[in-house]
1. Could you list, in sequence order, all residues of the range 244-276 that are hydrophobic (A, V, I, L, M, F, W, C) and open to solvent by 30 Å² or more (accessible area, probe 1.4 Å)?
2. Criterion first (touching a residue at least 60 places away in the same chain (Cβ under 8 Å), out of contact with any strand residue (DSSP E or B) (no Cβ under 8 Å at 6 or more places or on another chain) and either under 30 Å from Asp308 (Cβ atoms) or more than 16 Å from the ligand (Cβ to nearest atom) (or both)) does Arg268 satisfy it?
3. Can you tell me which residue is most open to solvent (accessible area, probe 1.4 Å) among those in the range 161-192 that are away from the ligand (no atom under 16 Å from the Cβ) and basic (Lys, Arg)?
4. Does Gly219 satisfy being more than 16 Å from the ligand (Cβ to nearest atom), within 22 Å of Thr74 (Cα to Cα), open to solvent by less than 10 Å² (accessible area, probe 1.4 Å) and of a type outside the set (A, V, I, L, M, F, W, C)?
5. So is Leu79 surrounded by fewer than 24 Cβ atoms within 10 Å (Cβ to Cβ), among the hydrophobic types (A, V, I, L, M, F, W, C) and touching a strand residue (DSSP E or B) at 6+ places or on another chain (Cβ under 9 Å) or not?
6. Can you tell me how many residues within the range 277-302 are surrounded by fewer than 20 Cβ atoms within 10 Å (Cβ to Cβ) and assigned to a helix (DSSP H, G or I)?
7. When residues of the range 80-97 are filtered for being in contact (Cβ under 8 Å) with a residue 60 or more places away in the chain and under 18 Å from Ala150 (Cβ atoms), how many remain?
8. I'd like the full set of residues that are touching a residue at least 60 places away in the same chain (Cβ under 8 Å) and either open to solvent by 40 Å² or more (accessible area, probe 1.4 Å) or more than 14 Å from the ligand (Cβ to nearest atom) (or both), limited to the range 99-122.
Amino acid sequence: MYESPIYLDYNATTPIDRRVRDCMMPYIFGAFGNPASNHIFGREAAAAVEQARHHVARLVNAQPSEIFFTGSATESINLALKGLTHSRQTGGQTIVATMAEHKAVLEVCRQLEEQLNVTYVPVNRPGNIDLRELARRVPLRRTLLVSLMAANNEIGTLYPIREAAEIAHRSGALFFTDATQAVGKIPVDVRADNVDLMAFSAHKLYGPKGVGALFVCGGRSKIALRPLIAGGGQEQGLRGGTLNVAGIVGFGEACRIAKEVMHDEAARLSRLRNLLEERLLPLSNVSVNGDVRRRLPNTTNLCFHGVDATNLIREIGDVAVSTRSACSSQSGTPSHVLKAIGLCDRCACASIRFSLGRFTTEEEIEETARRITAAAVPRLHACRSH
Ligand code: PLP
């Protein structure tokens, strides 16, 4: 009898790695200096922040001077999109974003609709974009920014960001990617992909909550961004406020570890994810949402046709999976991503995201498959007989 809770919601957030915690501790209880202070306490904290910046930059092949610390990926996204819009007062410009972006991007775009045109590019059934369609929707010399996420948080689909960046640049636009789900899970290389602006977050890669980063290609002098938070000149004047030293140190250590283990971890997690699918897909009326050929190694989103996902989850005990994409989420509406890939409300409400991570074991996967099978089979059969 398996009794411990099973956590399969790593795309929502990850537990802090023990090594990350150990690195953070001295900056919570001991080295408390303000990194902006010009004395030994301040210099000690500043050195730790710069060491962390180096590790974060290295993971994505950036220069440390191109990494700006924020409070979350959401804040980084706001800073990129609003900061850019508000630094250019030319008018008549367009931002192009896909319909499968995270709400953190879509809601900022909705706000910016008051100042400029926003074009939303549809996605296809696997959740991906048609690059020719994207190119058609990027007006020459009138596009400020093209936004395409690196990996989708709900279905795991990976996007062709290098090609999208090329389309953006050909039209004279900048390219932004929300890489919150990609960094630490798959290789991300801002130089190879020609990314101008990129947002990501520590708590998705075994770092602490409350720390994010914005990559700005060439730094502040190359891309003008208006700060959202004005203040004491921290982060080269781009983000005011005393730095979260312990959090940033944790982010740095999380990135250092990710660089070391990512390759093997991805192989192990895709094997476990495939095992879960091998157990569940043979059940009648179960299918995968998203692009099975190009997706995150740790993610699967399964539709249990005709079954209410919320009821199903209630029956499998303490297995933490994501119901956010189901209709019973706090908003009460089906996931915009599942709707964007063409699922009807009923199928969106029958879908569950499983996202695996560093501490997932084979035993947990087998147990989850057993519980889902036991709970789903009677319902799937009932559905077939309708
Ligand atoms: N973008 C994506 C793709 C995400 O998955 C998330 C978090 O779920 C965010 C942005 C927001 O990240 P944060 O919680 O750091 O603001």
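1. Initially, the range 244-276 is screened for residues hydrophobic (A, V, I, L, M, F, W, C), giving 245-246, 248-249, 251, 254-255, 257-258, 261-262, 266-267, 269, 272, 275-276.
Of everything in the range 244-276, those that are hydrophobic (A, V, I, L, M, F, W, C) and open to solvent by 30 Å² or more (accessible area, probe 1.4 Å) turn out to be Val261, Ala267.
2. Values: touching a residue at least 60 places away in the same chain (Cβ under 8 Å): no; out of contact with any strand residue (DSSP E or B) (no Cβ under 8 Å at 6 or more places or on another chain): yes; either under 30 Å from Asp308 (Cβ atoms) or more than 16 Å from the ligand (Cβ to nearest atom) (or both): yes.
So Arg268 does not fit the description; no.
3. Checked the range 161-192; the qualifying residue most open to solvent (accessible area, probe 1.4 Å) is Arg170.
4. Numbers: more than 16 Å from the ligand (Cβ to nearest atom): yes; within 22 Å of Thr74 (Cα to Cα): yes; open to solvent by less than 10 Å² (accessible area, probe 1.4 Å): yes; of a type outside the set (A, V, I, L, M, F, W, C): yes.
Yes; evaluated as a whole, the condition is true for this residue.
5. Details: surrounded by fewer than 24 Cβ atoms within 10 Å (Cβ to Cβ): no; among the hydrophobic types (A, V, I, L, M, F, W, C): yes; touching a strand residue (DSSP E or B) at 6+ places or on another chain (Cβ under 9 Å): yes.
Criteria not met by Leu79.
6. So the count comes out to 3.
7. Number satisfying all stated conditions: 3.
8. As a first pass, look at the range 99-122 and keep what is touching a residue at least 60 places away in the same chain (Cβ under 8 Å): 99-106, 122.
Answer for the range 99-122, where residues must be touching a residue at least 60 places away in the same chain (Cβ under 8 Å) and either open to solvent by 40 Å² or more (accessible area, probe 1.4 Å) or more than 14 Å from the ligand (Cβ to nearest atom) (or both): Met99, His102, Lys103, Pro122.
The values are calculated or read from the model by the stated rules, or taken from the named source; none is laboratory data. Computed from a prediction, not measured in an experiment: that's the story for all the values here. Cβ: placed from backbone, ideal geometry, glycine included. Neighbour counts: every protein chain shown. The protein model used for the area step is the full one, side chains on, heavy atoms only, and it has no ligands, DNA or RNA in it. Shrake-Rupley method; radii C 1.70, N 1.55, O 1.52, S 1.80 Å.
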